[in-house]
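Notes follow the structure.
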Amino acid sequence: MIVEMSVVPVGAGESVSRYVAEVLKIIRSRNLKYELSSMGTSVELDNYHELGELLQEINDRLVEMGVGRVYMVIKIDSRVKGGSIEQKKESVMDKL
């Protein structure tokens with residue numbers, strides 16, 4: 001499955017790059033394939049259980065950093081036949 005997430009540390013001020021960097025450190029520590037964009041991060045995961053564990057770890061880490069409220073927007077593309085971030089982009093680019 002491919003999951004796109006935007007994690008917002010509410011009340012952290014205008015710049016949140018240090019928090020985004022922490023989220024990416026967690027994703028990297030799990031050896032997950034990901035892609036950062038200017039508005040969110042796409043991650044390839046095996047199942048919903050793995051997603052739940054990832055979201056919990058992200059939330060816990062931001063709370064440890066002093067964030068009192070964490071707002072997350074999650075989009076999920078779960079296909080029976082699978083797929084990757086690259087495949088989705090290549091499919092569109094091939095049609096241009």
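Computed quantities for the displayed model
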| read-out | value |
| --- | --- |
| Those aspartates and glutamates that a straight Cα-Cα span of less than 19 Å connects to Lys88, excepting residues fewer than 8 apart in one chain | Glu4, Glu35, Glu44, Asp46, Asp77 |
| Solvent-accessible area of Asp46 with every protein chain in place, 1.4 Å probe, in Å² to the nearest 10 | 130 |
| Histogram of C-alpha separations across the chain, 5 Å bin width, % | 2, 12, 24, 24, 17, 10, 6, 3, 1, 0 |
| In Å², nearest 10: area of Arg28 left accessible to a 1.4 Å probe | 150 |
| Most mobile listed residue (Tyr71, Tyr34, Tyr19) in the chain, GNM with C-alpha springs under 10 Å | Tyr71 |
| 5 angstrom amide H check on Arg30, placed H, neighbours 5+ away | none |
| Nearby lysines by direct alpha-carbon distance to Lys81 (threshold 22 angstrom, same-chain neighbours under 8 apart not counted) | Lys33, Lys89, Lys95 |
| For the chain, with +1 on Lys and Arg beta carbons and -1 on Asp and Glu, the positive-most of Leu55, Met1, Ser37 along the dipole | Ser37 |
| For the chain: relative contact order, % (alpha-carbon pairs under 8 angstrom, 6 or more apart) | 47 |
| Global form of segment 7-58, assessed from the alpha-carbon gyration tensor, a/c cut-off 1.5 | prolate |
| Charge dipole (debye, nearest 20) of the chain; +1 at Cβ of Lys and Arg, -1 at Cβ of Asp and Glu | 140 |
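The values are calculated or read from the model by the stated rules, or taken from the named source; none is laboratory data. This structure is a prediction, so every number in the text was calculated from the model and none was measured. Methodologically, a virtual Cβ is constructed for each residue, glycine included, from the backbone with ideal geometry; neighbour enumeration extends over all protein chains shown. Ligands, DNA and RNA are stripped out before the accessible areas are found, and what is left, the full protein with its side chains, is counted by its heavy atoms. Shrake-Rupley method; radii C 1.70, N 1.55, O 1.52, S 1.80 Å.
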